[in-house]
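Reading through the structure tokens given below for one structure.
The values are calculated or read from the model by the stated rules, or taken from the named source; none is laboratory data. Remember, it's a predicted structure, so these values are computed and weren't measured experimentally. Neighbour counts are summed over all protein chains in view; Cβ atoms, including those assigned to glycine, are modelled from backbone coordinates with ideal geometry.
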Amino acid sequence: MKKYSRREIGNLFVCFLVLVVLVACNGKCSLSYLSEQPLPQSSSDAEEVKKSETMTDHRDGQIYRTVKIGNQTWMAQNLNYETAESFCYDDHMSSCLKYGRLYTWTAATNVCPAGWHLPTLAEWDELIDSLGGMPSAALALKSKTGWKSKSSSHDAKGTDSLGFSVLSSGMRNDDGTYDALFEYSAFWTSSDLISFIAHVVQFGDLSLKNHISEVLKKNGYSVRCLKDDAERDSVHRQLQNEKWESMKDSRDGETYRIVKIGEQIWTAENMRYKTADSDCFGNDTNECHRYGRYYTWKAAQNVCPAGFHLPTLSEWNVLIKEVGGFAVAGKNLKSGAGWLNDGFGTDDFGFSALAGGYMKKNENLFEGDYALFWSAPEENSDVAHFMGLQRNDIAYTSDESKNSKLSVRCVKD
């Protein structure tokens, strides 16, 4: 009878265990899970694997490791659920098995399984801040292998001390080419900036200080899902409800936040009421909830709901004076997101002006750079006044063709 060596017996035992796993999973186990989670080679390794929490994506049966860090529970592997606008690096299926899929932003916003969601930028910041910020967070979160640095003076690999296991999965450019495998990875957030740009959280070598980047939504990046927290969401909604007053437009049932600044009460969102001579960004009705509608000056005259009206230039001037004057009004009235080149505002008064630009000849112009709002008075038969907020924080008044389409904010009678 043939005598088997200890190594041969060990290999047979590993094969037997793999067969047991596949039979138990009825053929539905994630190969990515198996490839990233080696079988235990010792009793201590076996205990670690046993401690590791997992979740099953019931849409395709794939199993993912999970890890709890602070009050958050994260997937500890990149998502590998196949959907439209998702890709394998270099279009090789083996890349998906190892690194998960690369998704466009549109695909990423709807790809997490039930009970999980694409994290916001704030939720990523909570994770990174809890680990001391960059680069110490990168050191703790990145995997121990599979990284290389462009610079010999900087290390790239991490310690993976928390089991989060960030892999160097690269990216897909919007032209269909792939880049930066072994050197870079980034994860989509649900926080978009403007209509074609959103935020990712990026990892490179350990010299990386700024973990946030603004990228094209058509690019492909990895996805990590965060477990829903019903209690935290409930508290957040309660705080939001306490912070904002609201009003309902009886014509279409739309609800708008309102804010009191000085003695005036303003709508704190752009109007969305549908009229003739009004359009959504890019003529896409899905974008109406981003910037509201854009109206010609004539349409704007009748778009405010009962009890509110299109502000006059003097009413705009009262607002500007109340928030500190034209030199700083832009900074104080602009939203804290959605402005290009770090042109964000502080939104000190809750006015939340978004950089929606305006429309001219059915083309959107200056998104990310300007917020323009119609004023009631007309200059002459062709042009009318508006109030503008710029990316450089200055507020100003000017005039524009009545046929152009601008945003509308309403002030209470």
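The lone criterion from (1) in a loop (DSSP other than H, G, I, E, B); (2) of a type in the set (A, V, I, L, M); (3) over 25 Å from Pro305 (Cβ atoms) left unmet by Val328 is number (1). Checking each residue in the range 376-413 for being assigned to a strand (DSSP E or B) and either among the β-branched types (Val, Ile, Thr) or touching a His at 6+ places or on another chain (Cβ under 6 Å) (or both) picks out Pro377, Val383, Thr397, Asp399, Val411. Looking only at the range 88-131, residues that are assigned to a helix (DSSP H, G or I) and farther than 22 Å from Met55 by Cβ come to 13 in all. Restricting the range 82-104 to residues that are surrounded by fewer than 19 Cβ atoms within 10 Å (Cβ to Cβ) and within 19 Å of the chain's Cα centre (by Cα), the residue that is nearest to Val200 (Cα to Cα) is Glu85.
Residues that are at pLDDT 90 or above, of a type in the set (A, V, I, L, M, F, W, C) and over 22 Å from Glu53 (Cα atoms) occur at least once in the range 156-172. In the set (1) at positive phi; (2) free of Cβ contacts under 8 Å to residues at least 24 places away in the same chain, the condition left unmet by Gly170 is number (2). Specify the residue that is surrounded by the most Cβ atoms within 10 Å (Cβ to Cβ); the eligible residues are those in the range 169-194 that are out of contact with any helix residue (DSSP H, G or I) (no Cβ under 8 Å at 6 or more places or on another chain), more than 30 Å from Tyr291 (Cβ to Cβ) and hydrophobic (A, V, I, L, M, F, W, C). Taking the candidates together, the pick is Ala180. Looking only at residues in the range 165-187 that are over 20 Å from Thr106 (Cβ atoms) and aromatic (Phe, Trp, Tyr), the one that is farthest from the chain's Cα centre (by Cα) is Phe182.
Consider the range 267-300 and keep the residues that are assigned to a loop (DSSP other than H, G, I, E, B) and among the small types (Gly, Ala, Ser). The one that is nearest to Ile194 (Cα to Cα) is Gly292.
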